[in-house]
Amino acid sequence: MSSPYAYIYEVERGYDICARCGEQYQNGTIHVCNRPEEQVGGTHYSDKAIQPIEYIEANNLGIHEANVVKYITRWKDKNGLEDLEKARWYLDRLIKITKKGNQ
């Protein structure tokens with residue numbers, strides 16, 4: 001699945017390193033970077049190896065799973081216990097829906 005943030009550019013000469021994903025690419029090759037260009041609203045995901053949105057899109061997660069991933073990923077860097085409680089709320093909701101058979 002291709003990210004909506006993907007962009008393509010050609011390298012003019014030698015080797016270069018993508019400023020977004022850190023991948024090295026060679027002269028004359030085309031580099032496709034799927035890393036979002038910038039994060040809107042803070043830096044709490046910027047030091048992660050993969051952004052939650054990349055994981056969520058690549059795995060086609062629903063809203064409940066997506067929010068669990070988001071809040072678990074950022075809890076130490078943003079809202080602490082509040083984000084853990086939000087993750088638990090979405091997980092409890094997913095369990096409730098699953099038990100009812102309304103996946």
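Any read-out appearing in this document is the output of simple, stated calculations on the displayed coordinates, not a laboratory observation. Treat the numbers as computed from the prediction; the structure is a model and nothing was measured.
A few comments on the model shown:
- Our summary of shape: the Cα atoms of segment 43-103 have principal axis extents of 38, 27, 11 Å, ordered from largest down, in whole angstrom.
- The lysines within cross-link reach of K96, meaning a Cα-to-Cα straight distance under 18 Å and a gap of 8 or more places when in the same chain, are K86.
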